[in-house]
Amino acid sequence: MAATPPFGMHAGIDGPTVLAAALSLSATGAFMVLFRVSHPPAGATTLIVSLGIISQPKDLVIIEAAVVLPTAQALAINRPPDYLTHFGGMASPQERPLSGRPLRAKAPF
C-alpha cells in the first residue's frame, strides 16, 4: 500500500515556500502595526504573491491595479484636498464629528 501525504499537504508547497509565506505575512503585519492600520485583505494579497499563485506578469499588473484603484478611491473620498476644506467645501470625516467634540486634535503644522 502506498503512503499518502498527510492531510493539508499539497504538491509544490515545500519548506522554502512556507518560509517565504511566513516571512512575507509577518512583514505585512509588522508594517500594518507600524503605520497603525488594520486591513486583513492585505494578508491575503501577500499570500497570493508569496505562494506563487501569481506567476505571469499580466496577473501581477491586474492585482496591482486591484490594490491601487480602491486605495486611490478611499483617499479621494476620505481625505479631500485642502482647497476643498479651507474654502467652504466639504470637510473630511475627521473634521465633522457626530458630537460637538472634535475627533482628534489638529496637528500644529
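Just a few scattered comments:
- Inter-label distance, nm, simple model (7 Å from Cα along the C-beta direction), Arg36/Val49: 2.5 nm
- Using 0.36 nm per residue and subtracting the Cα-Cα separation, the extra length available between Ala11 and Asn78 on full extension is 19.7 nm.
Every number in this text was worked out from the coordinates using simple rules, so none of it is lab data. Remember, it's a predicted structure, so these values are computed and weren't measured experimentally. Heads up, the Cβs are rebuilt from the backbone with ideal geometry, glycines too, and the neighbour counts pull from every protein chain shown.
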